[in-house]
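Would you mind keeping the following structure in view while I ask a few things?
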Amino acid sequence: MKVMIVVTHLLGTGHLSRALTLGRAFASENHETFVVSGGMPAPQLDSTGITVLGLPPLRSDGTDFTRLLTQSGDVADTAYLKARETALAKAIRNFSPDILITELFPFGRRSLSAEFNAALEAAHSLPRRPIILGSIRDILAPPSKPSKAERTSEIVERYYDGILVHSDQSVVPLDISWPVTDQLRQRLFYTGFVAPDAPVPHADLVGKGEILVSAGGGSVGQPIFHAAIEAAQKMPNRRWRLLVGGQDARMRIDQLNKLIGDAPVTLEPVRPDFRQMLPLAAASVSMCGYNTALDILQSGTPAVFIPFDDGKEVEQSLRGQSLSNLPAIDVLPSKELNGDVLARAVAAVMSSGPRPVPTQGFDGAARTVEIAVKLRGQA
C-alpha cells in the first residue's frame, strides 16, 4: 500500500522523529512510504526506506507558534504559506495514498490549518479516498478554551477515520490532557508508545562514563547548556558532553565555548548515534519530550529531566510528573535550574543504582501499521 505521513515540526525535531519512526515501520512491511516534512531540515534523523519531501520550511519564533518564520528568519508571508499549501495538495494528488496520516493536526498546528485543510480536501477528492488518521503523542497541550476542542472534534468528525494515540491507555490516557467526548473516544486507537528498537551500546564506547546533555533542536535549550557547564565545573572528575542542535548550532557552540574555561566539557553538534551513546553514559540531562523520555526508559540511563515549560507549555511537565517516581530519575523545574542544583541532581541519580529496562510497551510503530492496514482493508 501507499502511505503518506504529513508532519511539520516548528521548534524541536520530536514530531519529525516520531513520524519517521512510523514511516520506517511501514517501509519495513514493504509499504511505499512518503513523508512530507514542513519543518527545518534535520539530516541527522533516520529516513531509511522512506521518500521525504521537504516543503518550504518553517519554524516558530521561539515559543510563539503563531509567528512562523522561514529558514532565513523572515516572517512567512501569505505567498510563502500558499506555496506550501499548493505543494502539499499537489503531493497528495500525485502520490494518491491509500493511507494518509497527519501528525498532531487537528489537535495542534492550528496556525497551519489552511494547508492541512487543503490536504484533507485533496485527499477526499481522490478517486479512491484514503484512510485518514491523525497521529498524536501521549500528552497534548490542553486547549486554552472549549471552542478549540470543539473545532478539533468537528474536523475529526468530518475528515478522519481514526486518531492514533501513541500511548498505553492504562498508563497515560488522552483524557489527562485533552477533553475526550464520547464521540471522539469512538475514534481513538491506542497504539502503545512509538520508539525505535532499544539502543545497542556504541561499538566504539563513545560516551562511556560521560554525562550526556541534550536539549532538542532549537535555541530554547540554551539555559540547560549554561547550567551544565556550571555543574561540570563542580564535578571535575566527570566529563560532560553537550550536544547542541538546531540550524544555528555552530554559532551557539561558539558562544558556549567561551564559558567552559577548564571545565571537563566537550561541545559538539547533535549526533545521529546519540541513542547508542545513552546506555554507556553515566547520566543524561535533557528536556522531557516524548522521544527523549522513551530513549531514557529504553536505555536505563540515570536521568535528570528539565521539562520545557515556557509560556503555557505543560506537556513535558505532565510527562515528567509521570516519570518522577521511577528510580534514578529526577525532574527539575526550569525556574529552579542552576549549576549547583543540577550538579546535585546528577550526582543523586547516578548514585541511585541501575534502573530496570522495560522490554514491552514500545512497539507502537508496528501496532500503528497493523491498525492502519486493518482499517484500509475494512474500507
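Could you put ASP340, ASP182 in order, starting from the residue whose Cβ has the fewest other Cβ atoms within 10 Å?
Going from sparsest to densest Cβ surroundings: ASP182, ASP340.
Something else: For region 211-350, take the alpha-carbon Rg, divide it by the Kirkwood Rh, and send me Rg/Rh.
Result: Rg/Rh = 0.92.
Where does each of MET287, MET235, MET4 land when they are ranked from fewest to most other beta-carbon atoms within 10 angstrom?
MET235, MET287, MET4
Tell me, what ³J(HN,Hα) does each residue in region 348-357 have, in order and in whole Hz, if you take phi through Karplus 6.51 cos²θ - 1.76 cosθ + 1.60 with θ = phi - 60° and put x for Gly and Pro?
5, 5, 5, 8, 7, x, x, 9, x, 9
Could you put PHE26, PHE362 in order, starting from the residue whose Cβ has the fewest other Cβ atoms within 10 Å?
Placing the least packed residue first, the sequence is PHE362, PHE26.
Right, another one. If you add up the charges near GLY162, with Lys and Arg at +1 and Asp and Glu at -1, over every other residue whose beta carbon is less than 15 angstrom from its beta carbon, what do you get?
+2
Starting from 0.36 nm per residue, how many nanometres of slack lie between LYS82 and ASN94 once their C-alpha separation is accounted for?
This chain segment gains 2.5 nm when fully extended.
Kindly flag which residue pairs out of LYS208/LYS335; LYS2/LYS148; LYS82/LYS148; LYS258/LYS335; LYS148/LYS312; LYS82/LYS312 have an alpha-carbon separation exceeding 20 Å in this structure.
LYS208/LYS335; LYS2/LYS148; LYS82/LYS148; LYS258/LYS335; LYS82/LYS312
With the Cα gyration tensor of region 71-158 giving a ≥ b ≥ c as the square roots of its eigenvalues, does the rule (a/c under 1.5 for rounded; else a/b larger than b/c for prolate; else oblate) give rounded, prolate or oblate?
Judged from the Cα gyration tensor, region 71-158 comes out oblate (a/c at least 1.5, b/c at or above a/b).
Please report how far the C-alpha centroid of region 78-157 lies from that of region 1-26, rounded to the nearest whole angstrom.
Result: 14 Å between the Cα centres.
A follow-up question, please. Quick one: which residues, 5+ away or cross-chain, put their amide H under 5 Å from the amide H of ILE5? H built at 1.01 Å from N.
Answer set, sorted by chain and number: PHE34, VAL35, VAL36, ILE101.
For the chain, what's the relative contact order in percent, using C-alpha pairs closer than 8 Å and at least 6 residues apart?
Reported as a whole number, the value is 15 percent.
Every read-out reported here was derived from the displayed coordinates using simple, explicitly stated rules and does not represent laboratory data. Worth saying up front: this structure is predicted, and the values here are computed from it rather than measured. Cβ atoms come from the backbone with ideal geometry, glycine included; neighbour counts cover every protein chain shown.
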